[in-house]
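Written out below as structure tokens is the structure these notes cover.
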Amino acid sequence: MIILKLGGSLLTNKEKKFSINRRVLKRIASEIKACEENGKKLVVVHGGGAFGHPLAKEYELNRGYISKSQIKGIALTRKAMQDFNNLVVKEFINQGINAIALQTSAIATCKNREIKSFNHEVVERFLELGLTPVLYGDVVLDDKLRFCILSGDRIITHLTKILNPERIVLATDVDGVFDKNPKKYKDAKLIEKITPEIFKRNKLNFESYANDVTGGIEYKVRELLSLAKLGYSTIIINAKIRGRLKKALLGHEVVGTRIEGE
């Protein structure tokens, strides 16, 4: 079984609210289908992109409850993410994938931003039936903050510990993790491997990256390093380039950043 995270910036243009790159989504779905035809089962998690992030930022939902005006923001963000998820699942089904949408806020709760409960049995049983669960970052109830954002990155960290996947793939719109933002600096260098020791030793210019309401690239790397310490390796790849996602899902050599234990 493989856990696949589809970055919001891969499927949408974060600068344009509610935009979706249908051409990229269609090709990605076809590569996932090809992987399933090779006998692989997948759990897919996608980010918020141009659907969730602008609204979450506007209403400061990452801070938890601070004012009554945020209640509208929760409703709007929840609706936007559901719309995004529907588009993803619809294309998957069009490509022959037996995808099923799972609303994260209906199966998970947090306490001070940490996952308190997660009904992973739902995910496992749909997998057993031969379906492909599709989850997403969402606004969930929080015992201390009243609500919080549960990011796609935190979801894959949690599910990895429960489902014990053979492979974790993060599909983004760049080749992997760079020493500085490759969208700003032409001389940015790809880091092909990150271990806890390499991360500690090297000063990566995370400040050159734009952060979003879920923490940005540094948060993603730290989450994945926590899995690396448990023996799970992850590869971050550029799924905008045809064929790379399929190769990564099947375990073939592909350009990207591997995050591994020592």
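Quick rundown of the values:
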quantity: Residue in the stretch 59-75 that is assigned to a strand (DSSP E or B), of a type in the set (D, E, K, R), at pLDDT 95 or above and more than 24 Å from Lys26 (Cα to Cα) present; calculated: no
quantity: Exclusive hit being crowded, with 16+ Cβ neighbours inside 10 Å and outside any helix (DSSP H, G or I), set Val24, Val43; calculated: Val43
quantity: Single residue of Gly8, Gly52, Gly64, Gly48 found to be among the small types (Gly, Ala, Ser), in contact (Cβ under 8 Å) with a residue 40 or more places away in the chain and in contact with a Leu (Cβ under 7 Å, 6 or more places away or on another chain); calculated: Gly64
quantity: Check on Ala80, over 14 Å from Ala56 (Cβ atoms), under 18 Å from the mean Cα position of the chain (by Cα) and small (Gly, Ala, Ser); calculated: no
quantity: Those residues of the stretch 79-112 which are assigned to a loop (DSSP other than H, G, I, E, B), touching a residue at least 40 places away in the same chain (Cβ under 8 Å) and either surrounded by fewer than 16 Cβ atoms within 10 Å (Cβ to Cβ) or not polar (S, T, N, Q) (or both), in sequence order; calculated: Gly96, Ile97
quantity: Filter pass, Ala50 being surrounded by 14 or more Cβ atoms within 10 Å (Cβ to Cβ), assigned to a helix (DSSP H, G or I) and in contact with a Lys or Arg (Cβ under 6 Å, 6 or more places away or on another chain); calculated: yes
quantity: Flag for Leu150 being more than 17 Å from the chain's Cα centre (by Cα) and either surrounded by 14 or more Cβ atoms within 10 Å (Cβ to Cβ) or free of Cβ contacts under 8 Å to residues at least 40 places away in the same chain (or both); calculated: no
quantity: The stretch 119-146, subset part of a strand (DSSP E or B) and in contact with a helix residue (DSSP H, G or I) (Cβ under 6 Å, 6 or more places away or on another chain), residue surrounded by the most Cβ atoms within 10 Å (Cβ to Cβ); calculated: Tyr136
quantity: Residue within the stretch 65-74 that is over 20 Å from Asn238 (Cβ atoms), surrounded by fewer than 15 Cβ atoms within 10 Å (Cβ to Cβ) and hydroxyl-bearing (Ser, Thr, Tyr) present; calculated: yes
quantity: Pairs with Cβ under 7 Å, 6+ apart, first in the stretch 186-203 and in contact (Cβ under 8 Å) with a residue 60 or more places away in the chain and assigned to a loop (DSSP other than H, G, I, E, B), second charged (D, E, K, R) and surrounded by fewer than 14 Cβ atoms within 10 Å (Cβ to Cβ); calculated: Thr195/Glu262
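The values are calculated or read from the model by the stated rules, or taken from the named source; none is laboratory data. Just so it is clear, the structure is predicted and the values come from calculations on it, not from any experiment. Every residue, glycine as well, gets a Cβ built from its backbone with ideal geometry; the counts of neighbours run over all protein chains shown.
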